[in-house]
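**Student:** Next up is a structure, given as structure tokens.
The numbers here are math on the coordinates, done by the rules we state, and not lab data. Just so we're clear, the structure is a prediction, and the values are computed from it rather than from any experiment. Neighbour counts run over all protein chains shown; Cβ positions are idealised from the backbone, glycine included.
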Amino acid sequence: MIIQHDPTDILIIGAGAAGAAVMWDLSQAGFKVVCLEQGSRIQPDTYPVNHPNWEELALNDWNYNPNIRKNSSDYPINTENTDINPLMYNAVGGSTIHWTAHIPRFHPSDFNVKSIDGIADNWPINYWDLEPYYDKNDEMMGVSGINGDPANPKRSKRQMPPLPLGNDGELIANAFDSLGWHWWPSDANVNSIDYKGRKACNMCGPLGHGCPRQSKASTDITYVPYAIKNGAELRVKARVSKITTNNKGKVTGALYYDKDNNEHFQPANGIILAMNGIGTPRILLNSSSNKNPNGLSNSSGQVGKNLMFHVYANAQGIFDNIKETYKGPLATIIMSQEFYESDKKRGFYRGYTFQMNRGMGGPIHVSKSVNWGKNHHKEFENKFGKSLGLGICGDDLPEESNYVELDPILKDSNGIPSPKIHYKVSANSRKLLDHGLKNAEIVLKQAGAKEIIKSEHDSEAGWHLMGTARMGKDPKTSVVNENCQSHDLENLFIVDGSVFVTGGGVNPTPTIQAIALKTSNYIIKSRTDLKS
Amino acid sequence: MSKNQEHIDKSKLSLLKKVMNILIPEVDDLPSAGLLITDEKILELLYKYNKYFSSYNKFINAIRLDPNCRASGGFESLDYENKEIVLKELEQNIPEIFNNILEMTLLAYYSNNKVLDRINWKRKTLQPEGWELEKFNPKILDKIKLREPFWKEI
Ligand SMILES: Cc1cc2nc3c(=O)[nH]c(=O)nc-3n(C[C@H](O)[C@H](O)[C@H](O)COP(=O)(O)OP(=O)(O)OC[C@H]3O[C@@H](n4cnc5c(N)ncnc54)[C@H](O)[C@@H]3O)c2cc1C
């Protein structure tokens, strides 16, 4: 028997970076909001860094990879045919529980790749359309940073001063300076002073496994509590299997399972999908029916297609003149966008951001990155506390051959088909990464590295899930319009990374959240028909 | 006794420890990993995480079936160089299983107090103390601030 619930104005599916933001915005505008989240609320005292065996926990129960972690809220993902493994966290707060909170914005050029380079597609929106929503999101999440970056348009005043660069960050900054290359302190959703009742960071280091001090912003603590105060209802351990429709071209609600495997139906006037770039196409494809045999909102055939991750490579320098590089947040120090914009002379399209990364965490993480056997101890001593990296986050361009489909065999614990990922690093991406690695080596040498270790491609770098239900003007080639409204179903919206048209050369989350808030603003202003 | 515990016999454990000795050799006054890591620590990790337990059984079987080991009366009878060769082959042929065994070894080794003392790692729990948060030094921006904006207006 299916348990029926009272109708709601807006049903949001997924309480991660995007879902939590729209939950807050719509609930403060008086919409009756229900949010279904397959994971649970995480208690801050369970985060690894509270425990002496934090590295063991980080490699197991808190692993970034859901296929290794295998929590009850995770679903298995078939990764046999992908060069990059998708990473995510499934709980209230979504992948912002795990993220490292480095928050660069897209550049104006990222929205116009087709016009500039004649490849991929232009977005139907531009940077200036999103700017007020970037600012609105910054206010809620709290940004440590400083205005004046010459590589980006001027921004509103940052909420907090930048995080300290430390000796290690200053070493790299000076190296960029002496090469005459751009760098700037990272904008970070990590508090440098107390902000909105959350404490300043105390530099413990591995913020990617949750921050018990709440210095790192994750949406379970930045948006969700305010949404709940506004009257939004958050139902946890509620895993959606299908979106239902009527014969008037509208969605009507969602079927979901609770923790005891009971099936429920939640009716709604409008539905917002925020299950991320893999979860959203998965549920759209699983919502096929006689009327929509290829899945929901898929008249274009684009649902699941054009999966983008950002290609990633890393060069690590070993230094004699620094120590204790495990102190301080991993990756919110400085970034360089010297090679961000397209330059035909380089032989590839688009560009990349350098992101400085600190040491590899504690001893166990470092030991994993050195060889076993006779040289183990020597290599370990060489590296521990003395290594710094430059990550290359490369623009990823949409290709139909990179896609998510439903696996015909693999299923989650509720019997919902799992996603199967198909992704190959393209020739353009390879050239881009090689260019980045060569330049990273120059910077690290300039900074005095005595040894440089290059990792040409990081297969465990699927942090950014984008492109699988893309935005566009033409219903034949895109899934949603510029308001993130489905072309096929006028009361269905998608607000996560799926709607990205191109990947940009930066971490995507502030852009995901700005798009989400732009969408909720559209609903508030123009869709009063969804309000009961 | 859990289901997993029933399947761990002494000879398998002893073979694993011989492997651990090659993975992390002795250093200064510390013995190699297989001599340093206690049975209790290995069992704790095997019982706690299925990933290690299932790799452990497959790994031990793979060593026992390895032609070099069989030809010379078992892994234990090989000299150091040949032990290393066998492990390198397993690393290539069964990478996921090998990596889980290596990870378990590193976890056990680098959580041993004697090892932590040797590498001078004092901070076992990172919170609540953390480390000191200094102030941002704005002087560092002096040079880059002189650069003209160079983002592309479209
Ligand atoms: C280790 C790591 C580091 C990262 N670092 C950065 C960084 O420094 N900067 C940056 O910009 N980005 C970073 N990211 C990426 C960032 O976390 C994501 O871009 C962002 O969280 C995506 O937001 P989202 O709302 O699209 O999805 P998510 O935040 O992943 O949220 C999706 C939510 O939907 C839920 N869900 C899925 N399916 C269902 C279902 N069927 N029913 C109910 N609920 C469902 C999930 O449980 C999840 O809570 C990082 C990610 C990881 C994993």
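**Student:** Rank these for me by crowding, A:Arg239, A:Arg158, going from fewest to most other beta carbons within 10 Å. Walk me through the intermediate numbers first.
**Tutor:** Values: A:Arg239 25, A:Arg158 18.
Sorted ascending by nearby Cβ count, the order is A:Arg158, A:Arg239.
**Student:** How well do other chains shield peptide A:194-202, expressed as the mean number of their Cβ atoms within 10 Å of each residue Cβ? Provide the component values of the computation, followed by the final result.
**Tutor:** Details: counts 0, 0, 0, 0, 0, 0, 1, 3, 8.
Per-residue shielding by partner chains comes out at 1.
**Student:** Starting from the Cα gyration tensor of segment B:4-122, take the square roots of the eigenvalues, sort them a ≥ b ≥ c, and report rounded, prolate or oblate (rounded when a/c is under 1.5, otherwise prolate if a/b is larger than b/c, else oblate).
**Tutor:** The shape class here is oblate.
**Student:** Further, regarding this structure: Which of the pairs A:Lys411/A:Lys525; A:Lys157/B:Lys135; B:Lys12/B:Lys114 have their Cα atoms more than 28 Å apart in this structure? Present the calculation step by step, with values, prior to reporting the outcome.
**Tutor:** On the way: A:Lys411/A:Lys525 40 Å; A:Lys157/B:Lys135 18 Å; B:Lys12/B:Lys114 26 Å.
Exceeds cut-off: A:Lys411/A:Lys525.
**Student:** Here is a further query. Each residue of segment A:182-191 in order: what ³J(HN,Hα) in whole Hz does its phi give by Karplus 6.51 cos²θ - 1.76 cosθ + 1.60, θ = phi - 60°, with x for Gly and Pro?
**Tutor:** 5, 7, 7, x, 5, 6, 9, 8, 10, 6
**Student:** Counting only other chains, what is the mean number of Cβ atoms within 10 angstrom of the Cβ of each residue in peptide A:306-314?
**Tutor:** Values: counts 0, 0, 0, 0, 0, 0, 0, 0, 0.
Average per residue, whole number: 0.
**Student:** Turning to a different aspect of this structure: Could you tell me whether segment A:478-532 comes out rounded, prolate or oblate from its Cα gyration tensor? Rule is a ≥ b ≥ c as square roots of the eigenvalues, rounded for a/c under 1.5, then prolate if a/b exceeds b/c, otherwise oblate.
**Tutor:** On the way: a/c = 3.28, a/b = 1.70, b/c = 1.93.
Judged from the Cα gyration tensor, segment A:478-532 comes out oblate (a/c at least 1.5, b/c at or above a/b).
**Student:** Can I ask one more? Can you say what percent of the DSSP beta bridges in the protein assembly as shown, counting only those with both residues inside, are antiparallel? Round to 5.
**Tutor:** Of those bridges, close to 65 percent are antiparallel.
**Student:** Choose one answer from B:Asp117, B:Asp142, B:Asp29: the residue with the largest mean-square fluctuation in a GNM of chain B with alpha-carbon springs under 10 Å.
**Tutor:** Checking each option, the largest mean-square fluctuation is seen for B:Asp142.
**Student:** So, by mean Cβ neighbours within 10 angstrom, what's the order for A:485-496, A:358-369 with the highest one leading? Walk me through the numbers before you get to the answer.
**Tutor:** Values: A:485-496: 24.2, A:358-369: 22.3.
The most tightly packed comes first, giving A:485-496, A:358-369.
**Student:** Which one of B:Tyr110, B:Tyr52, B:Tyr80 has the biggest mean-square fluctuation once chain B is modelled by GNM with Cα springs under 10 Å?
**Tutor:** Highest fluctuation among the options: B:Tyr80.
**Student:** Among A:213-223, A:392-402, how do they line up by average Cβ neighbours within 10 Å per residue, starting with the highest?
**Tutor:** On the way: A:213-223: 26.1, A:392-402: 22.9.
Highest to lowest by the protection proxy: A:213-223, A:392-402.
**Student:** Counting other beta carbons within 10 Å of each residue's own, what order do B:Leu65, A:Leu234, A:Leu163 fall into, fewest first? Present the calculation step by step, with values, prior to reporting the outcome.
**Tutor:** Working: B:Leu65 9, A:Leu234 21, A:Leu163 29.
The order, fewest Cβ neighbours first, is B:Leu65, A:Leu234, A:Leu163.
**Student:** With a 10 Å cut-off between alpha carbons and a GNM built on chain B, which of B:Ile37, B:Ile24, B:Ile144 moves the most?
**Tutor:** Checking each option, the largest mean-square fluctuation is seen for B:Ile144.
**Student:** Under the definition of partner shielding as Cβ atoms of other protein chains within 10 Å of a residue Cβ, what is the mean value for peptide A:139-150? Can you show the working numbers first?
**Tutor:** Values: counts 0, 0, 0, 0, 0, 1, 1, 4, 0, 5, 6, 8.
The per-residue average across the peptide is 2.
**Student:** If you take the square roots of the eigenvalues of the alpha-carbon gyration tensor of segment A:91-194 and sort them as a ≥ b ≥ c, do you get rounded (a/c under 1.5), prolate (a/b over b/c) or oblate? Walk me through the numbers before you get to the answer.
**Tutor:** Details: a/c = 1.85, a/b = 1.19, b/c = 1.55.
Oblate shape, in that a/c is at least 1.5 and b/c is the bigger or equal ratio.
**Student:** Applying a 10 Å radius around every beta-carbon, put A:287-295, A:114-122, A:303-311, A:84-92 in order of their mean neighbour count, most first. It would help to have the intermediate numbers written out before the result.
**Tutor:** Numbers: A:287-295: 13.8, A:114-122: 15.3, A:303-311: 27.7, A:84-92: 24.8.
In descending order of packing, they fall as A:303-311, A:84-92, A:114-122, A:287-295.
**Student:** Right, next: Take the Cα atoms of segment A:347-495, find their three principal axes, and give me the spread along each one in whole Å, biggest first.
**Tutor:** 61, 42, 25
**Student:** Would you mind estimating how fast segment A:140-237 diffuses translationally, via Stokes-Einstein at 25 °C and 0.890 mPa s with the Kirkwood radius over Cα pairs, in µm²/s?
**Tutor:** 159 µm²/s
**Student:** What percentages make up the Cα-Cα pair-distance distribution of segment B:21-73 when the bins are 5 Å wide from 0?
**Tutor:** 4, 17, 15, 21, 21, 15, 6
**Student:** How big is the shadow of the Cα convex hull of chain A, averaged over all directions, in nm²? It would help to have the intermediate numbers written out before the result.
**Tutor:** Values: hull surface 92.6 nm².
Taking the Cα atoms of chain A, their convex hull projects to 23.2 nm² on average.
**Student:** May I pose another question? Can you check how the C-alpha radius of gyration of segment A:184-244 compares to 2.2 N^0.38 Å, as a plain ratio? Walk me through the intermediate numbers first.
**Tutor:** Values: Rg = 15.3 Å, N = 61, 2.2 N^0.38 = 10.5 Å.
Taking the Cα Rg and dividing by 2.2 N^0.38 Å, one obtains 1.46.
**Student:** May I ask you to work out the translational diffusion coefficient for segment A:1-144 at 10 °C, viscosity 1.306 mPa s, via Stokes-Einstein with Rh from the Kirkwood sum over Cα pairs, reported in whole µm²/s? Could the numbers behind the result be given before it?
**Tutor:** On the way: Rh = 18.5 Å.
Reported coefficient: 86 µm²/s.
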